[in-house]
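Asks: Structure in structure tokens, see below.
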Amino acid sequence: MEDCKKIWNELSIGISNNISTISYDMWFSSLEPLTVAYNKLIIVAKLKSTKQAIYKNYRDLILAEIKKLNYSYINDFVIITPDEISVYENQIQEDKVQFENDVDNIDSKSLFNSDFTFDKFVVGQSNQVVYAAAKAIANQPGTMHNPLFIYGGVGLGKTHIMNAIGNEILKTNKKAKIIYCTTEQFVNDYIDSIKNNKDNEQNRKFREKYRNVDILMIDDVQFLAGKTGTQEALFHTFNDLYQFKKQIVLSSDRHPKELTFLEERLQSRFASGLTVDISTPDLETRIAILQKKAFYKNFNLPIEVVYFIAEKIDSNIRELEGALQKVIFYCQLLGKEADNIDIIKEALKDDIDVTTHILSMDTIVDATCSYFNVKKQDIIGKKKLKQIVMARQIAIYLIYDMMGVPLATIGSYFGGKDHTTIIYARDKIEELIKTDNLVNNQVKDIRNMIQKQ
Ligand code: ADP
Ligand code: MG
């Protein structure tokens, strides 16, 4: 049952805020919610030892967090092992009806991931159009872009932005009726509704659920492949909602035109509003995302390290987050700060190629310092002595030239300098290389030193 997954997700966030990441990973990360029965959330643990440990050490915490969630129909939890699932199965069937009635009473707030807000969404070139469209919809659902169709590869923020729409609308309108569901949920609901042909009641429920909404958001519609019955149901739902100016938001891993397995009429409906794509983030956006995530996790990551991870992991944001999680876990395990690249390399050795020599901002600054015989803290600081300023500007130029680090990132590395200062330094050295032989040779020498390392 999908709804209990949502509840479990929320509960997990509450729990993880109260214990160390290590304990969380050890005891909670492998648990799976099963269902709700007897007003209890039923959770499956693979091992009996996990079950016992949780009862012994975390019972009060879990109960307190359940209380905080404030679902009227859950006041306790039960942990079972896989061999006990069958005991609950009968009960689950009976409870389902009750549960579904209760679901109608859930404040929609609980249906969205509270981490997926507009505030926590970093906007860059790759996603600015999607962001703008989503914001417009959250401000005025149903009036501008209907449907909004978002497409893009895995882990790029589609689910995040859909949840953000939901969270945003509920901020101003607590009563808004919003459904966000995965395609799988929609398909399952549809199948449930036709399972018993004689039972028109189920059918009515399905229609009521999906057509009595202000906003319907369905995630990952590529999974409608081969589901002709559901496609038909969605077609009618779509028309109904559209006609009454209710907002529809859809996401997929590809453009509607490429959803060739869809009934043509549905395909053309999907493409009839605004279709926007979300692409892989550039380096600057990846850096900003890592900084934001680290900030929310209260974890200190020096800019050099942020740059290193963002540079190496460029496929998608989920992997970027995974890498950050790993680094945090690793550092906590060893009781160390993430303050140098060697620790990061060790933490991420399975994910990135660490065998090749890695050029870092530190390497360039160190070489420049030793060449000019100045101290690193001076070059990074604010001193205005001629020799230091020269060394600083050359280091900035070389970092930009050899590594392509974004200006703002170089600025943060040099003690929080404005990007205009960085541009000034870079352009000045670039000019001097052409006009001043001494500087030209100095830059060449330092470059050689770095490359020989
Ligand atoms: P998708 O649904 O496209 O596969 P998700 O929305 O699940 O991707 O995003 C994967 C992860 O990356 C989520 O944890 C999400 O918070 C994060 N993420 C994606 N885009 C951004 C962004 N622009 N800013 C911050 N985090 C993001
Ligand atoms: Mg998704």
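Asks: Within a Cβ distance under 13 Å of GLY273, other residues only, what is the Lys/Arg minus Asp/Glu net charge? Don't jump to the answer; show the numbers that get you there.
Replies: Details: positive: LYS245, LYS246, ARG269; negative: none.
Its environment carries a net charge of +3.
Asks: Hey, another quick one. Could you work out the helix-only [θ] at 222 nm for the chain, with each DSSP H run of four or more residues adding -39,500 (n - 2.57) and the total divided by the number of residues, to the nearest 500 deg cm²/dmol? Spell out each step's value before the answer.
Replies: Working: 19 runs with 250 residues, N = 453.
Counting only the DSSP helices, I get -17500 deg cm²/dmol.
Asks: Of the trypsin sites (Lys or Arg not before Pro) in segment 1-71, which ones lie in a loop per DSSP and count no more than 15 other C-beta atoms within 10 Å? Intermediate values should be presented prior to the final figure.
Replies: Working: sites: LYS5, LYS6, LYS40, LYS46, LYS48, LYS51, LYS56, ARG59, LYS67, LYS68; in loops: LYS46.
Passing both the DSSP loop test and the Cβ count: LYS46.
Asks: So which lysines can LYS227 reach, going by Cα to Cα under 19 Å and dropping same-chain residues fewer than 8 places off?
Replies: Partners found: LYS195, LYS257.
Asks: Sticking with this structure for a sec: Relative contact order for segment 283-347: what percent, with Cα pairs under 8 Å and sequence separation of 6 or more? Walk me through the intermediate numbers first.
Replies: Values: 51 pairs, mean separation 23.0, N = 65.
The normalised contact order for segment 283-347 reaches 35 percent.
Asks: Could you give each residue of segment 292-306 its phi-based ³J(HN,Hα) in whole Hz, using Karplus coefficients 6.51, -1.76, 1.60 with θ = phi - 60°, and x for Gly or Pro?
Replies: Computed from phi, the couplings for segment 292-306 are 5, 5, 5, 4, 5, 8, 6, 10, 8, 10, x, 4, 4, 6, 4 Hz.
Asks: Could you list which residues have their amide H under 5 Å from that of THR275, counting only those 5 or more apart in sequence or on another chain, with H placed in the peptide plane?
Replies: The answer is PHE149.
Asks: Mind ordering 169-178, 234-243 by average Cβ neighbours within 10 Å, highest first? Provide the component values of the computation, followed by the final result.
Replies: Details: 169-178: 14.3, 234-243: 17.4.
Result, highest mean Cβ count within 10 Å first: 234-243, 169-178.
Asks: Could you give the spread of the C-alpha atoms of segment 283-347 along their three principal axes, from largest to smallest, in whole angstroms?
Replies: Principal-axis extents of segment 283-347 (Cα, largest first): 29, 22, 19 Å.
Asks: I'd like to compare 14-20, 188-194, 289-295: which one has the highest average count of other Cβ atoms within 10 Å, and what's the full order after that?
Replies: Numbers: 14-20: 14.9, 188-194: 17.1, 289-295: 18.7.
Going by the mean number of other Cβ atoms within 10 Å, highest first, we get 289-295, 188-194, 14-20.
Asks: Taking the Cβ of each residue in TYR400, TYR413, TYR330 as the centre, tally the other Cβ atoms inside 10 Å and list the residues starting with the fewest. Can you show the working numbers first?
Replies: Numbers: TYR400 20, TYR413 23, TYR330 16.
The order, fewest Cβ neighbours first, is TYR330, TYR400, TYR413.
Asks: Taking the Cβ of each residue in PHE149, PHE206 as the centre, tally the other Cβ atoms inside 10 Å and list the residues starting with the fewest.
Replies: Working: PHE149 24, PHE206 19.
By the 10 Å Cβ count, ascending: PHE206, PHE149.
Asks: With the Cα gyration tensor of the chain in hand, give its eigenvalues times 5 under a square root as the equivalent ellipsoid semi-axes, listed largest first in whole angstrom. Each step should come with its number before you reach the end.
Replies: Working: eigenvalues 506, 165, 61 Å².
The three semi-axes for the chain are 50, 29, 17 Å.
Asks: Amide H neighbours of PHE77 under 5 Å, at least 5 residues apart or on other chains, H built in the peptide plane: list them.
Replies: Under 5 Å from the amide H of PHE77: LEU41.
Asks: Further question: How are the C-alpha pair distances of segment 208-290 spread across 5 Å bins, as whole percents from the shortest bin up?
Replies: Computed distribution, short to long bins: 3, 13, 23, 22, 15, 9, 6, 7, 3, 0.
Asks: Rank the residues ASP277, ASP76 as a footprinting-exposure proxy: fewest other Cβ atoms within 10 Å of their Cβ go first. Can you show the working numbers first?
Replies: On the way: ASP277 17, ASP76 12.
The fewest-first ordering by Cβ neighbours comes to ASP76, ASP277.
Asks: Continuing with this model, one more query. From the phi angles alone, apply the Karplus equation (6.51, -1.76, 1.60; θ = phi - 60°) to segment 65-70 and give each ³J(HN,Hα) in whole Hz, x where the residue is Gly or Pro.
Replies: The phi angles translate into 5, 4, 4, 4, 5, 6 Hz.
Asks: Regarding segment 361-452, what is the average projected area of its C-alpha convex hull, in nm²? Don't skip to the answer; put the middle values down first.
Replies: Values: hull surface 20.4 nm².
If you wrap the Cα atoms of segment 361-452 in a convex hull and average its projections, you get 5.1 nm².
Asks: Another question, if that's okay. Measure out, as a whole number of angstrom, how far apart the alpha-carbon centroids of segment 38-82 and segment 197-239 sit.
Replies: Distance between centres, Cα-based: 33 Å.
Asks: GluC sites (Glu not before Pro), restricted to segment 281-330: which are DSSP loop and have at most 14 other Cβ atoms within 10 Å?
Replies: On the way: sites: GLU284, GLU304, GLU311, GLU319, GLU321; in loops: none.
Here no GluC sites (Glu not before Pro) fit, given the DSSP loop and packing criteria.
No value in this document is a laboratory result; all are computed from the given coordinates. All values reported here derive from a predicted model rather than from experimental measurement. Neighbour counts run over all protein chains shown; Cβ positions are idealised from the backbone, glycine included.
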